[in-house]
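J.: Just dropping this structure here.
Just so it is clear, none of the values below were taken in a lab; they were calculated from the coordinates. Since the model is a prediction, treat every value here as computed from it, not as a measurement. FYI the Cβ positions are ideal-geometry reconstructions off the backbone, even for glycines, and counts take in every protein chain you see.
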Amino acid sequence: MALIVASSYALALPLSAQWINYPTAGVPKTPSGLPNLGAPTPRTNDGKPDLSGMWEANNTVPCNPQAGNCTDLPLSRDFLDIGARLKGGLPYQPWAADLAKTRRTPDRDDSRSASGRSAAVI
């Protein structure tokens, strides 16, 4: 019994290390305590914008179980198809346009990756 209790405590310890609501140090704040999104971009030592950190897709694709995009990671249309916002799509050569069209069909035999989820378009 003591072994079960000790094991339960040992397995629960890593859960506290996730820090989901841990504030990032150095983020400029407004008087209300929220991040100041109008503050100047942080810079690295050489003066370039510091783009490190966590990023999230701005315009995410709705969950579609048939497409296999229902994950914890929100994806944008651009991630799935880099030409999604271009009028007329990407300027493929004719052979590449045919290949891309074939790869977009959901009933293709090889359209699934080893994990069973849809593979990338190209």
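J.: Work out, step by step, the length gained on full extension between Asn45 and Thr102: first 0.36 nm times the residue separation, then minus their alpha carbon distance; give nm to one decimal. Walk me through the intermediate numbers first.
T.: Details: separation 57, 0.36 × 57 = 20.52 nm, distance 4.74 nm.
Full-extension gain reported as 15.8 nm.
J.: Report the extension gain between Thr30 and Gln66 in nm, rounded to one decimal, defined as 0.36 nm multiplied by the number of residues separating them, less their alpha carbon distance.
T.: Values: separation 36, 0.36 × 36 = 12.96 nm, distance 4.30 nm.
Between Thr30 and Gln66, full extension yields an extra 8.7 nm.
J.: To continue, here is another question. If packing is taken as the mean number of other Cβ atoms within 10 Å per residue, what is the order of 79-89, 27-37, highest first? Present the calculation step by step, with values, prior to reporting the outcome.
T.: On the way: 79-89: 12.5, 27-37: 9.6.
Per-residue Cβ counts within 10 Å, averaged per peptide and sorted highest first, yield 79-89, 27-37.
J.: So, one more: Setting aside same-chain residues fewer than 8 positions from Lys101, which lysines have a Cα under 29 Å from its Cα?
T.: Lys87
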